[in-house]
Structures are given as structure tokens and as C-alpha cells.
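Each remark here refers to the structure printed beneath this line.
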Amino acid sequence: MKNKTVLYNPVNNFEMIINNHLVSYTDAGKEGSPVIIFIHGFPFNRSMWNSQVESLEDNYHLITYDIRGHGSSDSGNEDFSIDLFVSDLIGLLDELKIDRAILCGLSMGGYIALNAAEKFRNRFDGLILADTQCIADTPEAKEKRMKAIESIRRDGVDRYAEESIKNLFANDSFTSRLKEIEDVKEMIIKTPEQSLISTIIALSDRKETCNFLPEIKVPVLIMVGKEDKLTPPAAAGFMHESINGSLLRIIDHAGHLSNLENPGEFNASLKEFIASVYPTTV
């Protein structure tokens, strides 16, 4: 297993055993305020939310955590699945005695958020779904993921990181967001090879959540980069049309990592939405 780089302020960082594995998380902001839980995408870690934490920490209680096998959380001994990731999330909330929160998930984090909201309908006051979708993998998508696994085994994680970057960012970001690109590349490279492979299999096996969308009763904000190639605006539009009363924001100058590529626009939408869910806290 490769050494892992810690990219966090150590003051607010903690570790806890959940479901027989070590979870590394950050607890920031105002204790006693409404809670926002941030769930990162694949194959990143909780540091991808640093800008959002900085933007919100004066008014809210913020939890970011590393999904098992990513960042500083270990892999445990169970086969990865979206259901297992949901179980880890709920276990973390239970241990932290958080009864209700807003969930904010990007990409894989969105898959986890939707599954958690479906299974635990009384735990969440709102959902923020960023650069994600509700459909399961098509046969073509599954085949592409299996080829990615072959590539990792054959050519290594560094090559996988280089290839992944090409599809994650908008064209403009390759000149305007060089630091963010390097940070994301570092996150991928530092993810253990087996964690990459196990998570790709979990993503390939995930079930659709589209049928659940009309049943959602809490406020929902959907955000997507205008140039997102992986979960494009059309996928966000479909979810928006399926969720009664949901809000849709198309983030300019952004691809699949809209929170990193255009944090100003992303954070403004985030603040406006959270303030509408918790109007008496700001």
C-alpha cells in the first residue's frame, strides 16, 4: 500500500472505528449549528471540500470524511459496495450523535447520498447533488470500468491518474486551475491500487435510484458543471425534472469537479440553498 498524504489542518481532524474500519474525518464550523455532511467523489478524498468548508464554517457545523479506502481511511475487510458506503456514513453520524443533516455529495458521493436518503428518509433535511446521476451503469459503462481496472493492473496508478484527469476538468481549467489539477492528480495517485479497483467494481454494481426521485420530500439542489463529460447537464436535468421542487444550477467554466473549478459560483449556490433550508441560522 502506498503512503498517504494528509492534506488537512490537524486541529479539526479525528479518527474513529466504524463498521470495523478506521474512518478519518474533519469536524469544523459551529458546534450546535445545522450540520452539513460532505461526501467526496471517486477517487478523491475529503480535502476536495476545503473551499466549501472555508466558505460555510462561520455559520454551520461541517463534517467531511474519507470514504473507506480513500484518503486516510483504511479499507477494512469487506467487499466495497454503495450499500456498505451508506452503512459507513450512517455509522459515522450515529457515533457523532447527528440525528439530522443536509447531505452534499459529488459524483460517487451523490450516489451514496441518494442511497442514504432512500434508506434513511428521516435523517436528512436536504440533499445537494453535484455532478452525479441516478442511473445504474449501462453495459457499455460497465465494460469501460473493467477496462479501467485492466489498465490500472497493467500500467499502474500514475498512468490511470493521467488518463482520468483528461475527463475530469473543463477545457479552461487546464490553464486556469493548474493547482487544483495537481491536487486531484495527487489524490488519485495516493489512493491504493486495490482501493481503486474495489471501488470501480462497487460503482459498476450499483443500483439505480431514479425510481426514488419522485418520492423525495426534502429540498434538493442539483449542481453540474456546464462541461461535465462524465455526468453531463442532461443527467442533472433528468433528476431535476423527476424531483418535485428541486433547484438546478449549471456551473459555468466547470467540468466534473465543479466545486473545485468554479468555487465562487458553486459556493454561492450552496449558501443560498442551505440558508433556505435553515433560514433562522444566518
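The values are calculated or read from the model by the stated rules, or taken from the named source; none is laboratory data. Just so it is clear, the model here is predicted, and its values are computed rather than measured. So basically every Cβ, Gly included, is an ideal-geometry build from the backbone, and we count neighbours across all protein chains shown.
Okay, residues lined up against (1) within 30 Å of Val218 (Cα to Cα); (2) modelled with pLDDT under 95; (3) among the acidic types (Asp, Glu):
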site	(1), (2), (3)
Tyr111	yes, no, no
Ala117	yes, no, no
Phe124	yes, no, no
Leu129	yes, no, no
Met146	no, no, no
Asp158	no, no, yes
Ile165	no, no, no
Lys179	no, no, no
Discussion item. Just to check your reading of the model, which residue among Leu22, Leu92 is hydrophobic (A, V, I, L, M, F, W, C), assigned to a helix (DSSP H, G or I) and either surrounded by fewer than 20 Cβ atoms within 10 Å (Cβ to Cβ) or free of Cβ contacts under 8 Å to residues at least 60 places away in the same chain (or both)?
Written reply: Leu92
Worksheet item: Is it fair to say Glu140 is within 29 Å of Glu261 (Cα to Cα), free of Cβ contacts under 8 Å to residues at least 24 places away in the same chain and either in contact with a strand residue (DSSP E or B) (Cβ under 9 Å, 6 or more places away or on another chain) or part of a helix (DSSP H, G or I) (or both)?
Response: yes
Discussion item. With among the aromatic types (Phe, Trp, Tyr) and surrounded by fewer than 19 Cβ atoms within 10 Å (Cβ to Cβ) as the only criterion, which of Phe80, Phe120 stands out?
Written reply: Phe120
Worksheet item: Quick one: would you say Ala254 is crowded, with 23+ Cβ neighbours inside 10 Å and either within 24 Å of Val157 (Cα to Cα) or touching a strand residue (DSSP E or B) at 6+ places or on another chain (Cβ under 8 Å) (or both)?
Response: yes
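Residue-wise test of (1) within 24 Å of Lys147 (Cβ to Cβ); (2) more than 18 Å from the chain's Cα centre (by Cα); (3) of a type outside the set (Lys, Arg); (4) buried (at least 16 other Cβ atoms within 10 Å of the Cβ).
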position	(1), (2), (3), (4)
Asp172	no, yes, yes, no
Arg177	no, yes, no, yes
Lys185	yes, no, no, yes
Ile188	yes, no, yes, yes
Ser195	yes, no, yes, yes
Leu203	yes, no, yes, yes
Glu208	yes, no, yes, no
Leu221	no, no, yes, yes
Val224	no, no, yes, yes
Worksheet item: Among the numbered criteria (1) part of a helix (DSSP H, G or I); (2) in contact with a His (Cβ under 8 Å, 6 or more places away or on another chain), which single criterion is violated by Ala170?
Response: (1)
